[in-house]
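Inspection log for the structure reproduced underneath, given as structure tokens.
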Amino acid sequence: MTAARVLVVEDDAAIADAVVYALRRDGMQADAAVTLALARPRLSSCDLVVLDLVLPDGSGYSLLADITRMPGAPRVLVLTSRDEEADCVAALEAGADDFVPKPFSPRALVARVRAILRRGAPQGAAPAEEKVAAAGLLVDAASRRASYCGHELPLTRIEFDLLFVLAGAPGRVLTRDQLVERVWGDAYALTPRTVDSHLKGLRRKLEAAGAPDDLIETVRAVGFRFRDAR
């Protein structure tokens, strides 16, 4: 099996060296880039990017935006000293797969990287050729496109998978654990805040397209439900 290829985008040499060493020790191919300019040409040749948000030549969010527009884009784990909840939410809604604040444990970071790389297609989703149509919503698994009443939704990879799973079971309450199992496929080190942050971004984009604000309902102390309002 080919070793996973990881690009560490981090301008602090000590941190970059520690992350690269930990990843290589775990059997992955890992290298570092200290600027956005050095990182961009290497995105297409890696499976995952460990990304700092503050870099000498700009914000890591600009690189994250580039990645989300790429076909066959690498996964992204944000590693940053910005550890406020708003920063976590912003990174996840921008398309990151996970968020690790500094200071951090290299061993835990490697475990999170492994967990992200193990995530494949959503386990609870239907076959790739199937479409979900409900309440003005169309979710096409084959093209990875979703729309509401004809308005295309600019969803991240995780948001799309969450919508596919929820809309595919209208009226049914799904717990956070069930969503993790079906969308991420691996619950290791995934916090409820991660699930909630992705759902917040998904709801905001649905509402911007004209969907009712309760299309995805929160069932207190239980989970979430797609309301099929026909």
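Bear in mind that the values in this text are calculations on the coordinates, not laboratory data. Predicted model only: the values in this text are computed from it and were never measured. Glycine also receives a Cβ, built like all others from the backbone with ideal geometry; neighbour counts cover every protein chain displayed.
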*asked:* Charges at C-beta only: +1 for Lys and Arg, -1 for Asp and Glu. How large is the resulting dipole of segment 131-226 about its Cα centre, in Debye rounded to 20?
replied: 40 debye
*Could you line up 5, 118 from fewest to most neighbouring Cβ atoms inside 10 Å?*
118, 5
*With everything on Cα atoms, drop me the angle between helix 13-25 and the longest principal axis of the chain, reported from 0 to 90° to the nearest 10.*
70 degrees
*HN-Hα J couplings of segment 88-104 from phi, Karplus 6.51/-1.76/1.60, θ = phi - 60°, integer Hz, Gly and Pro as x?*
4, 4, 4, 5, 5, 5, 7, x, 5, 7, 7, 9, 10, x, 8, x, 9
*How do 104, 160, 99 rank when sorted from fewest to most other Cβ atoms within 10 Å of their own Cβ?*
104, 160, 99
*Share of antiparallel DSSP beta bridges in the chain, in percent to the nearest 5?*
55 percent
*So which trypsin sites (Lys or Arg not before Pro) in segment 39-75 are both in a DSSP loop and have at most 15 other Cβ atoms within 10 Å of their Cβ?*
69
*Structure-based [θ]222 nm, the chain - -39500 (n - 2.57) summed over DSSP H runs of at least 4, per residue, nearest 500*: -10000 deg cm²/dmol
*Size-normalised alpha-carbon gyration radius of segment 1-131, reference 2.2 N^0.38 Å*: 1.03
_Between helix 106-118 and the chain: long-axis angle, C-alpha atoms, 0 to 90°, nearest 10_ = 40 degrees
_Cα-derived Rg over Rh, computed across segment 131-226 with Rh taken as Kirkwood radius_ = 0.93
_Compute a Gaussian network model of the chain, connecting alpha carbons closer than 10 Å, and tell me which residue from 106, 71, 56 fluctuates the most._
71
*Using Cα-only point scatterers and the Debye equation, what is log10 of I(q)/I(0) for the chain at each q in 0.12, 0.17 Å⁻¹, rounded to two decimals?*
-0.66, -1.22
_Highest to lowest packing among 136-144, 193-201, scored as the average C-beta count within 10 Å_ = 193-201, 136-144
